[in-house]
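Peer 1: Pasting in a structure now, in structure tokens, and then I'll have a few things to ask.
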Amino acid sequence: MAARRFSSLLSRSLVSSSSSSSFSSLGRNSSRARGICRFSTAVATETLIAPNVKVDHTQLLIDGKFVDAASGKTFPTLDPRTGEVIAHVAEGDKEDINRAVAAARKAFDEGPWPKMTAYERSCIMFRMADIIEKNITELATLETWDNGKLYAQAAEIELPMIVRIIRYYAGWADKIHGLTVPADGPYHVQTLHEPIGVAGQIIPWNFPLLMFAWKIGPALATGNTVVLKTAEQTPLSAIFAAKLFLEAGLPPGVLNVISGYGPTAGAALARHMDVDKLAFTGSTSTGKMILEMASKSNLKPVTLELGGKSPFIICEDADIDHAVEQAHFALFFNQGQCCCAGSRTFVHESVYDEFVEKAKARALKRVIGDPFKAGVEQGPQIDSEQYEKILKYIKSGVESGATLETGGGKCGIKGYYIQPTVFSNVQDDMLIAKEEIFGPVQSILKFKDINEVIKRANNSHYGLAAGVFTRSIDTANTLSRALKAGTVWVNCFDVFDAAIPFGGYKMSGQGREKGIYSLSNYLQVKAVVTALKNPAWL
């Protein structure tokens, strides 16, 4: 399947209304005491589907072998549907990071990976993609069980995208080359693009396998070795994928996977003096600490993909029904746990009331339940910490005077489910309009003209993404050039492709992932200058 099809799937699937709503509304509410909108959902009483997969791999992968943590410690990974333990996973620490880095260093300095031909590396990576494709069902099941995301999303969208990304970078492996550069004098000048060495990579919990592929794809294609730390909330799928990669022929030590906590394993990786490059995806606050650790150790270069508060701008000439559906998708996709979520919905004043009513109606139709069940649109949040954080933001929105149109509370009696929540009359100075909530909370703001919305949309520490909905090409061009964001989607949202670069302005990060741009993150450029004796030409 082509990458473009995956892009259209991601931007269109999971956004259609369910024919049977799980909710009943008792009316519109505001912070000024109009009563609250309550939801009736099967989450409270439904029987959960038992995942049809056995968790066999819970150890660390170091130097081609699965081993226990040096300390012997383990930690529980939980099912977000219930809060119950799925499995106990090896808890990597500083000593395990040291072992993994030593293995990666040996594989880089002495092993076959950087020394084999680029074509040979590409063949192994193509086999890696093939074996992932053959194990989509098991990987998607682990991803949903450990993360709470929809099984349909994992199996039909994310896993095929992962296959496509690995194949994309496999194709790049033997097409990376330097230049011959003319110089002023009798010299032959060439540039070499060399692998940077041992790459440390830290991935988040919201898209575990997808971020795994984004990170290792360009690193391996360029001949580097990797030490990757999983998020402590979601270690299972990456460990299993790593086992599959070994079966595909990846040499020992080229990919090492450590599960563990950020302050211990993550910090040890960021500070390590023998790690040549670091890549991190996660919160802006943690990204700052990662950058500081890298600078205070060996000044290793760092790629950061961080948080966002992306504006979603709906102009007066937009197709409102389409904009409502896309705005709903932009915010609620993946339970709102998406760094580029369209979390500031700016709507022109002439269509504001219509949009708010339709956005509320769409949220009321959203089906919450077991993410393994067909027809469900929203699963649980990742864990109790994120669950409580989201509820605090909702409370803040009510207390600051925003109008609570629908939702606003817990959903069900087990697990970490939250009602789809919509606020109107949101002002720029409210916390729900300024800070990254990372949950199913839509904030709808009103604007008068283009100049005003440009200024307000850019008035943020973040600059990861933006959405623009208009029928005017002139308006689209004006906004797409004026918005300070790494990605601007016009009349669409969350369209991803292996070839499209992704990254942010300002405090949303530095560097780019995916596409040709990500290759430079893992390469050193060397100039080689050779004197020529009596050259026939210069």
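Peer 1: Go through Lys73/Lys288; Lys277/Lys434; Lys215/Lys243; Lys65/Lys243 and tell me which ones have a Cα-Cα distance over 21 Å in this structure. Don't skip to the end; give the middle numbers.
Peer 2: Working: Lys73/Lys288 28 Å; Lys277/Lys434 32 Å; Lys215/Lys243 17 Å; Lys65/Lys243 9 Å.
From Lys73/Lys288; Lys277/Lys434; Lys215/Lys243; Lys65/Lys243, over 21 Å: Lys73/Lys288; Lys277/Lys434.
Peer 1: How big is the gap, in Å, between the Cα center of the stretch 373-402 and the Cα center of the stretch 280-340?
Peer 2: With the stretch 373-402 and the stretch 280-340 each reduced to a Cα centre, they are spaced 17 Å.
Peer 1: While we're here: So I have (i) 1.07; (ii) 1.00; (iii) 1.16, and one of them is Rg/Rh (Cα atoms, Kirkwood Rh) calculated from this model. Which one is it?
Peer 2: (ii)
Peer 1: What is the sum of charges, Lys and Arg at +1 and Asp and Glu at -1, for the other residues whose Cβ falls under 15 Å from the Cβ of Thr77? Present the calculation step by step, with values, prior to reporting the outcome.
Peer 2: Working: positive: Lys54, Lys73, Arg81, Lys149, Lys229; negative: Asp56, Asp79, Glu84, Glu91, Glu143, Asp146, Glu232, Asp383, Glu385.
Around Thr77, the charge tally is -4.
Peer 1: Another one. Return a whole-number percent for the relative contact order of the stretch 380-495, with Cα pairs under 8 Å and 6 or more residues apart as the contact set.
Peer 2: Answer for the stretch 380-495 is 19 percent.
Peer 1: Carbon and sulfur: what percent of the stretch 195-245's accessible surface (1.4 Å probe)? Before the final figure, lay out the partial values.
Peer 2: Numbers: 250 of 430 Å².
Result for the stretch 195-245: 58 percent of the exposed heavy-atom area is carbon or sulfur.
Peer 1: Follow-up question, since we're still on this one. Run the accessible area of the stretch 311-498 with a 1.4 Å probe and give the carbon-and-sulfur part as a rounded percent.
Peer 2: 48
Peer 1: Also, quick follow-up: Calculate the length of the line joining the C-alpha centroid of the stretch 162-232 to that of the stretch 478-538, in whole Å.
Peer 2: 12
Peer 1: I need the semi-axes of the equivalent ellipsoid of the stretch 203-334: take the C-alpha gyration tensor, multiply each eigenvalue by 5, square-root it, list largest first in whole angstrom.
Peer 2: Taking √(5λ) for each Cα gyration eigenvalue gives 33, 20, 13 Å.
Peer 1: Using Stokes-Einstein with the Kirkwood hydrodynamic radius over Cα pairs, what translational diffusion coefficient do you get for the stretch 108-203 at 37 °C and a viscosity of 0.692 mPa s, in µm²/s rounded to a whole number?
Peer 2: 200
Peer 1: Give me the number: length gained by fully extending Asn477 to Lys448, i.e. 0.36 nm times residue separation minus the C-alpha to C-alpha distance, one decimal in nm.
Peer 2: 8.6 nm
Peer 1: Which value, in debye to the nearest 20, gives the size of the charge dipole of the stretch 311-498 about its Cα centre, when Lys and Arg are +1 and Asp and Glu are -1 at the Cβ?
Peer 2: So the magnitude is around 380 debye.
Peer 1: Tell me, what HN-Hα J-couplings in whole Hz come from the Karplus equation 6.51 cos²θ - 1.76 cosθ + 1.60 at θ = phi - 60° for each residue of the stretch 459-476, using x for Gly and Pro?
Peer 2: Here the 3J(HN,Hα) series is 7, 8, 5, 9, x, 7, 8, 7, x, 10, 10, 7, 8, 9, 5, 5, 5, 4 Hz.
Peer 1: Given charges of +1 on the Cβ of Lys and Arg and -1 on the Cβ of Asp and Glu, with all other atoms neutral, how large is the dipole of the chain about its Cα centre, in debye to the nearest 20?
Peer 2: Working: 57 positive and 55 negative charges, 97 e Å.
Magnitude of the dipole: close to 460 debye.
Peer 1: Oh, and also: Please list, or write none, the aspartates and glutamates whose alpha carbon is within less than 12 Å of the alpha carbon of Lys389, excluding same-chain residues fewer than 8 places away.
Peer 2: Glu435, Glu436
Peer 1: What number comes out for the charge environment of Ile314, summing +1 per Lys or Arg and -1 per Asp or Glu over other residues with Cβ under 12 Å away?
Peer 2: Summing Lys/Arg as +1 and Asp/Glu as -1 gives -3.
Peer 1: Oh, and also: Probe radius 1.4 Å, ligands and nucleic acids left out: which of Ile176, Ile413, Ile202, Ile516 has the largest accessible area, and how do the rest follow?
Peer 2: Result of the area sort, largest leading: Ile413, Ile516, Ile176, Ile202.
Peer 1: Using all alpha carbons of the stretch 311-498, what is the percent of pairwise distances in each 5 Å bin, ordered from the shortest bin to the longest?
Peer 2: Computed distribution, short to long bins: 1, 8, 18, 22, 21, 15, 9, 4, 1, 0, 0.
Peer 1: Which net charge results when you count Lys and Arg as +1 and Asp and Glu as -1 among the other residues whose beta-carbon is under 15 Å from that of Glu247?
Peer 2: Residues near Glu247 contribute 0 overall.
Peer 1: For the stretch 311-498, report the accessible area per residue in Å² (1.4 Å probe, heavy atoms, rounded to an integer).
Peer 2: 34
Peer 1: Pairs of Cα atoms under 8 Å, at least six residues apart: use those to get the relative contact order of the stretch 313-415, whole percent.
Peer 2: Relative contact order of the stretch 313-415: 23 percent.
Peer 1: A further question follows. Pairing the Cα long axis of helix 94-109 with the longest principal axis of the chain, what angle in degrees results, from 0 to 90 and rounded to the nearest 10?
Peer 2: 50
Peer 1: Turning to a different aspect of this structure: Using helices alone, I'd like the mean residue ellipticity at 222 nm for the chain: each DSSP H run of four-plus residues gives -39500 (n - 2.57), total over residue count, nearest 500.
Peer 2: Details: 15 runs with 178 residues, N = 538.
After summing the helix terms and dividing by residue count, I get -10000 deg cm²/dmol.
Peer 1: In addition: Taking a 19 Å limit on the Cα-Cα distance, which of the listed pairs Lys506/Lys526; Lys309/Lys484; Lys229/Lys414 fall beyond it?
Peer 2: Result: Lys506/Lys526; Lys229/Lys414 exceed 19 Å.
Peer 1: Moving on to the next point. Of the listed peptides 292-304, 224-236, what is their order by residue-averaged count of other C-beta atoms within 10 Å, with the highest listed first?
Peer 2: My ranking of the peptides, most packed first, is 224-236, 292-304.
The values are calculated or read from the model by the stated rules, or taken from the named source; none is laboratory data. Computed from a predicted model, the values in this text were never measured in an experiment. Ideal geometry is used to build each Cβ from the backbone, glycine not excepted, and the neighbour counts take in all protein chains shown. Side chains included, ligands, DNA and RNA excluded: accessible areas come from the protein's heavy atoms. Shrake-Rupley method; radii C 1.70, N 1.55, O 1.52, S 1.80 Å.
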